[in-house]
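The values are calculated or read from the model by the stated rules, or taken from the named source; none is laboratory data. Bear in mind the structure is a predicted one, so any value in this text is a computation, not a measurement. Using ideal geometry, Cβ is built from the backbone for each residue, glycine included, and neighbour counts are taken over all protein chains shown.
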Amino acid sequence: MLPDLAGSEPLQVRTVAHTIQLAVAPIFLLAGVGAFLNVCAGRLSRIVDRARSLEPRILEARGGEHDRLVGEMRILDRRMALVGRTIFLSVLSALLTCAVVVLLFAASLSDVSFGTPIALLFIASMIAVGLGFAVFLIETRVASRSLRISADILEHEARPDD
């Protein structure tokens, strides 16, 4: 038996084991959110790289080419903002999930009932991750719309070798 942190009666190993079992699902959620954050960071990195490669070209371009490059830069700026929001919402979800795990253990170590706060934090975590996924969906739609391949390229035929 482990001593109770409050000093009243010994904390049963069974109680700790049960609390760990309850905490496993939120911890798996944290692993999933971490993997999703990795995907978002990769997308953000590629967007930033593309924007940096366009900057010198915009300064040198004139006319229609300049306008096209500025338009692409605006889309990249919008995508960066969307991925940034996705990352914020995902990290918020992870923090709320951590709070759920902490309260699960606090509830098992004390006589205080944290059922309602735990439920509310978990609901808030699910809302945050759901909104993060929704914003990510918007970002992928913006990206796919900006990458439409011109009909001239799709219908281009190579000249026969002479």
Qualifying residue in region 79-95 (condition: surrounded by fewer than 18 Cβ atoms within 10 Å (Cβ to Cβ) and more than 14 Å from the chain's Cα centre (by Cα)): no
Wholly within region 52-159, helices (runs of 4 or more DSSP H) carrying at least 2 residues that are within 18 Å of Val33 (Cα to Cα) and aromatic (Phe, Trp, Tyr): 115-146
Residue within region 52-60 that is among the basic types (Lys, Arg), modelled with pLDDT of 95 or more and surrounded by 14 or more Cβ atoms within 10 Å (Cβ to Cβ) present: no
Whichever residue in region 20-39 is touching a helix residue (DSSP H, G or I) at 6+ places or on another chain (Cβ under 8 Å) and of a type in the set (Gly, Ala, Ser) and, among such residues, is modelled with the lowest pLDDT: Ala23
Residue within region 37-44 that is assigned to a helix (DSSP H, G or I), within 11 Å of the chain's Cα centre (by Cα) and of a type in the set (S, T, N, Q) present: yes
